[in-house]
Amino acid sequence: MTRLLKHTRQIASIIGNLESAGLAGAPRETTYVELGAGKATLSGMLSETVSGCGANYALIDRGTGFRNKCDRKIRNHAENYLERYTIDIADLVLDSLPTVKQRARCVLISKHLCGVATCLGLRSAVAMKQSQDREGLGRTRTSDGKGAREVSPRLYGMCMATCCHHLCSW
């Protein structure tokens, strides 16, 4: 099996699991946050499906040495919005990302995220959930003086495939 075919099958499986878990049903209400995005192949392929068309995409990676070919693929769909953040997952505060604030649902996705980064991603998700519980779901807040409203993002779910799950401490 070629390397490309192997990765394509893995991504198709992740997207299929997103759909079967009901995490991909409302892309226009959803921001997909890809942790350890790298080349963003997972988000790129998701954006080409019915489940991903019209969604927001937040790509999180601490490196910047990518040509961003998949970024262009995502942006080619007029209804998609993409923002790439260069940040360590240890410093990630999900509900502070502007891309996440624009939509009601936040879904975390990843492919081959290392064990330690998976733990940090889970911590970030738990912190967002605790923030939601403190502030109350469905709350709206004024984003400018003209009365425009912004819905508090809700952690809707996650689909994270690790590469070295034996290193997870959570």
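Take every DSSP beta bridge whose two residues both sit in the chain, then give the antiparallel share in percent to the nearest 5. Antiparallel bridges make up about 10 percent of those DSSP assigns within the chain. Across segment 97-103, coupling constants 3J(HN,Hα) worked out from phi with the 6.51/-1.76/1.60 Karplus curve, θ = phi - 60°, read 6, x, 5, 6, 5, 6, 10 Hz, and Gly and Pro carry x. Surface composition of the chain: carbon plus sulfur atoms hold 52% of the accessible area, using a 1.4 angstrom probe and ignoring ligands, DNA and RNA.
Give me the angle, in degrees from 0 to 90, between the Cα long axis of helix 3-20 and the longest principal axis of the Cα atoms of the chain, rounded to the nearest 10. Taking Cα atoms only, the helix is inclined about 40 degrees.
The stretch between S20 and A78 holds 18.3 nm of extra length on full extension. This uses 0.36 nm per residue minus the Cα-Cα distance. Its DSSP H runs of at least 4 residues, each contributing -39,500 (n - 2.57), put the calculated 222 nm mean residue ellipticity of the chain at -10500 deg cm²/dmol, to the nearest 500. For the chain, the solvent-accessible area of protein heavy atoms averages 53 Å² per residue (probe radius 1.4 Å; ligands and nucleic acids excluded). If you count Lys pairs in the chain whose Cα atoms are under 27 Å apart, skipping same-chain pairs closer than 8 places in sequence, the total is 16. The magnitude of the dipole of the chain, with charges of +1 and -1 set on the Cβ of Lys/Arg and Asp/Glu and taken from the Cα centre, is near 300 debye. The base-10 log of I(q)/I(0) for the chain, evaluated at q = 0.08, 0.09, 0.11 Å⁻¹, reads -0.23, -0.29, -0.43 [Debye formula, identical scatterers on Cα atoms, solvent excluded]. Could you tell me how many degrees, from 0 to 90 and to the nearest 10, lie between the Cα long axis of helix 115-135 and the main elongation axis, the longest principal axis, of the Cα atoms of the chain? Rounded to the nearest ten degrees, it is 20.
The values are calculated or read from the model by the stated rules, or taken from the named source; none is laboratory data. What you see is a predicted model; the values in this text were computed from it and never measured. So basically every Cβ, Gly included, is an ideal-geometry build from the backbone, and we count neighbours across all protein chains shown. We work out accessible area using only protein heavy atoms, side chains counted, and drop any ligands, DNA or RNA first. Shrake-Rupley method; radii C 1.70, N 1.55, O 1.52, S 1.80 Å.
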